[in-house]
Amino acid sequence: IAITPAIEEVILFLPTNYKKKYSFPCSVLFGGCGNSIRHIRLAECAFRPQVEFSCLRSLTTLYLFEVHITSAELGSLISNCFALEKLQLIACGELIFLKIPLSLERLTFLRCDMLQVIESKASNLSTFKFFSGPVHLSLGESSQVKNLDIELPFMPNSLSYSITKLPSAVLNLETLKITSVDERVDTPMVVDKFLNLKYLNIHLAADYKAFSPTYDYFSLVSFLDASPTLQTLILSVKQNAMKHDSAFGDNLHVRQIPGHEHNRLRKVHINGFCSAKSMVELTCHILDNATSLESLTVDATFNQGTYGDSRRCDRKNSRCNPIARDMIWEAH
């Protein structure tokens, strides 16, 4: 009844007893009823478009949350959505791969999770966010993706994945945000470069109270070396205690890497700064080698609402992560 030839927006939230049992009737979009729809948001139902589905030629925004739809069905749906600009696929368990055709010239924003393979030929895709485990990513040589936000909670070596796989996959990247949970492997030095990267935000979170002492913060120098045009670095470390070797220990030798200049780096903010020796070494390295540095902020607190922004913890709707008092004193 609601879907008529003039309707532009369809948002469907179901009562609890219908969730995951209801199948959206694609037939209501036939006969021209779907041609005017610009925005579709479906949650916790099934959506089964058939082959050569071409009823949504005006669709600009598609958001599916916990929707039962296969990769083939989704491909059939979006292949004819020539006006599509924004695509979000969250917790759609049947989706394994996503292939975005060249015909989606207007697509600029993609957000998805739980996928194993993502291939895009969309020439104007510029912002890409994904939350996933190991994923094969192919964006093509003409990719215009400039903003990438990735969270890999099921990949303990996500920083290594990011620095080894992304430079060649996302050639025009300017902004990169990486969230890594329980990182344990040092970030390797690489040959490939993020030639256009200007803003890097790394958020390290611990599954337990302390971030793994097997990870060497100093190895993050690899990202600085791989990003010759980097201007802003935000490093956020969320932990309640510290197990790394302290800078106050017996070994006072500070490691250095001579001849590594980062002459474009202007702003550095370390959120959740602690007295871990390797973090102090990273900070000293930046001070010694960032010849254009204008601002350095080291904050012993972790503001859960800002993830590295310069705003303080008393800001509305944000709170500080609780940490041990001795960590704060040692950080100072």
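Take PHE130 and decide whether it is over 23 Å from LYS267 (Cα atoms), at pLDDT 85 or above and either assigned to a loop (DSSP other than H, G, I, E, B) or touching a strand residue (DSSP E or B) at 6+ places or on another chain (Cβ under 8 Å) (or both). It would help to see each step written out before you state the result.
Working: over 23 Å from LYS267 (Cα atoms): yes; at pLDDT 85 or above: yes; either assigned to a loop (DSSP other than H, G, I, E, B) or touching a strand residue (DSSP E or B) at 6+ places or on another chain (Cβ under 8 Å) (or both): yes.
So PHE130 passes the test.
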- Message: Can you pull out every residue in segment 23-75 that is among the aromatic types (Phe, Trp, Tyr) and surrounded by 17 or more Cβ atoms within 10 Å (Cβ to Cβ)?
- Response: PHE24, PHE47, PHE53, TYR63
- Restricting segment 165-194 to residues that are open to solvent by 60 Å² or more (accessible area, probe 1.4 Å) and in a helix (DSSP H, G or I), which is nearest to HIS136 (Cα to Cα)? LYS165
- Task: Answer yes if at least one residue in segment 201-219 is among the polar types (S, T, N, Q), at pLDDT 95 or above and under 18 Å from the mean Cα position of the chain (by Cα), and no otherwise.
- Result: yes
- Wholly inside segment 1-116, strands (runs of 3 or more DSSP E) that include 2 or more residues that are at pLDDT 90 or above and within 21 Å of LEU137 (Cβ to Cβ) are 61-65, 86-90, 97-100, 109-113
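If the requirement is being in contact with a strand residue (DSSP E or B) (Cβ under 9 Å, 6 or more places away or on another chain) and not in a loop (DSSP other than H, G, I, E, B), which of these qualifies: LEU159, LEU197?
On the way: LEU197 fails: not in a loop (DSSP other than H, G, I, E, B).
Only one candidate passes the filter, namely LEU159.
The values are calculated or read from the model by the stated rules, or taken from the named source; none is laboratory data. Values in this document were obtained by computation on a predicted structure and should not be read as measured data. Virtual Cβ from ideal backbone geometry, glycine too; neighbours counted across all protein chains shown. Areas reflect the complete protein model, heavy atoms only, side chains present, ligands, DNA and RNA absent. Shrake-Rupley method; radii C 1.70, N 1.55, O 1.52, S 1.80 Å.
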